[in-house]
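Written below as structure tokens is the structure these notes are about.
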């Protein structure tokens, strides 16, 4: 295997591991635990935008468009992690309400 294939496989495992970790953290009792990874990825996206803006010597309009596109592209993992978080929290809230109704029925 060449180096590129190994790098792709390692990145794939890291992404899958991050998603599994997000599922685990989102299922925890503390609602803040599930927000750790989205906050980290959002901070990374801001770092990418500020890093780009510091080294670009182009017209202001072009810099703003590049900053917006970088912000959107680097926040794709943030959106995915937040979708996992909200889906699992909604499921957890629904199950909690069902359990309350079952207890009242007894």
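Every read-out reported here was derived from the displayed coordinates using simple, explicitly stated rules and does not represent laboratory data. The structure presented is a predicted model; accordingly, all values stated were derived computationally and were not measured. Heads up, the Cβs are rebuilt from the backbone with ideal geometry, glycines too, and the neighbour counts pull from every protein chain shown.
Details
- The smallest convex shape that holds all Cα atoms of segment 1-52, its convex hull, gives 64 Å³ per residue.
- Sorted ascending by nearby beta carbons within 10 Å, beginning with the fewest, 37, 47, 82, 71 become 47, 71, 82, 37.
- Exposure proxy order (Cβ contacts within 10 Å, fewest to most) of 49, 36: 36, 49
- Gaussian network model of the chain, springs between alpha carbon atoms under 10 Å - residue of 77, 38, 59 with greatest fluctuation: 59
- Proxy reagent accessibility, fewest Cβ within 10 Å first, across 5, 69: 5, 69
- Cα-Cα P(r), segment 3-105, percent of pairs per 10 Å interval: 14, 30, 27, 18, 7, 3, 1
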